[in-house]
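Quick notes on the structure that follows.
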Amino acid sequence: MAEFLFEYGLFLAKAITFVAAAAALTLVVVGLSRKGAAPGGLSVQKLNDRYREVSDVLRRAVLGKGEWKKESKREAKARKAGEKAAARADQPRRRVFVLDFKGDMRATAVASLREEVSVVLAVATAADEVVLRLENFGGAVHEHGLAASQLARLRARKVPLTVVIDKGAASGGYLMACVADRIVAAPFAVIGSIGVLAQIPNFNRALAERGVDFEQVTAGRYKRTITMFGRNTDEDRAKLREELEEVHSLFKAMVVQHRPQLDIERVATGEHWYGSRALELGLIDELGASDDYLLKLAAERDLFHVSYRARHTLQEKIFAAVRAAADQATGWVAERRGERWLP
């Protein structure tokens, strides 16, 4: 056991050092080559224009120069006519605000999400829609809870919210997704994992074998229960399990609040399912990918991609890279030991 812990620690240290060094070098090179790059802040892009420009590139090549000129003139004329009709209409074209959230263990993207939600709420109405493209496999409870609370702000203001999942929304990711009015997921997206997990290594015996004592002084019976370096007792383990059960109950209550039709005891076992099965269980509402969903909306609505990028110093970027490397290294070890990396 001691040998395994030593090898594990050595591997982890090497992995973090290597990735951190690579990240630091990359950031320096990118920083030097992009001194004129736009600073962080809010960015808004009309996706209708982007989709049209991308398709125009291909059609221009396929149709040929002469035919393309005729086609582009016809489309421009039809587009202007449509814009004039919309301006005269009592009901203007509905708007869709598209947000992205790519999760990690600490849900660090919540800092941008809260800014994006605040901006959208300043202009959105119940006639609009927010589409969140979500990729999140879970992590720390309180940070993912905060992310879910940001989405709940949209629900509280009666702004329709659709979450679209291409790869996965599990554990803390599903805690976020369940807030939506509608959940769309790809057939093989990982959905669910409504459970709570705590994995804590204990080095007590390894330290004792090397003559190292560990002292811990607390005030309050349960100020510290399970420890990494001290000797854990059955009472400590029981208390931790009690705390995990409490968090699990809160998780289930959150899901039931927003998706009352679910058989919560059937799906809150910590298991995860792929999109097709998740649809049968009621965890999602529709099968589909984000591209198809947005392209359908673009035909009748104005789509705006809203993103907020915080301004970070080089030191903050390096620190974030080191933390991400630690998460990845831990996940790599877990996979090699046969553990699922869905916290």
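The values are calculated or read from the model by the stated rules, or taken from the named source; none is laboratory data. In this text, all values refer to a predicted model and were calculated from it rather than measured experimentally. Note that we place each Cβ from the backbone using ideal geometry, even for glycine, and neighbour counts take in every protein chain shown.
Things worth noting here:
- Only a single criterion out of (1) among the basic types (Lys, Arg); (2) in contact with a helix residue (DSSP H, G or I) (Cβ under 8 Å, 6 or more places away or on another chain); (3) assigned to a helix (DSSP H, G or I) is not satisfied by Arg231, namely (3).
- The one condition from (1) at pLDDT below 55; (2) assigned to a helix (DSSP H, G or I) that Gly36 does not meet is (2).
- First in the stretch 44-61 and among the small types (Gly, Ala, Ser), second anywhere and surrounded by 12 or more Cβ atoms within 10 Å (Cβ to Cβ) and part of a helix (DSSP H, G or I), Cβ under 9 Å, 6 or more apart: Ala61/Trp68
- Of all residue pairs spaced 6 or more apart or on separate chains, those with beta-carbon atoms under 7 Å, a first member in the stretch 202-229 that is closer than 24 Å to Glu242 by Cβ and of a type in the set (Lys, Arg) and a second member that is modelled with pLDDT under 90 and in a loop (DSSP other than H, G, I, E, B) are Arg224/Gln216; Arg224/Thr218.
Conditions tested, residue by residue: (1) buried (at least 20 other Cβ atoms within 10 Å of the Cβ); (2) outside any helix (DSSP H, G or I).
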{"position": "Leu99", "(1), (2)": "yes, yes"}
{"position": "Thr108", "(1), (2)": "no, yes"}
{"position": "Leu113", "(1), (2)": "yes, no"}
{"position": "Val120", "(1), (2)": "yes, no"}
{"position": "Leu132", "(1), (2)": "yes, yes"}
{"position": "His144", "(1), (2)": "yes, no"}
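- For Asp263, the conditions (1) farther than 25 Å from Gly145 by Cα; (2) modelled with pLDDT of 95 or more all hold with the exception of (1).
- There is no residue in the stretch 245-261 that is in a strand (DSSP E or B), in contact (Cβ under 8 Å) with a residue 40 or more places away in the chain and of a type outside the set (D, E, K, R).
- Test for Asp236: is it in a helix (DSSP H, G or I), closer than 30 Å to Ala127 by Cα and of a type outside the set (Gly, Ala, Ser): no
- Picking from residues in the stretch 180-207 that are in a loop (DSSP other than H, G, I, E, B) and β-branched (Val, Ile, Thr), the one that is surrounded by the most Cβ atoms within 10 Å (Cβ to Cβ) is Ile194.
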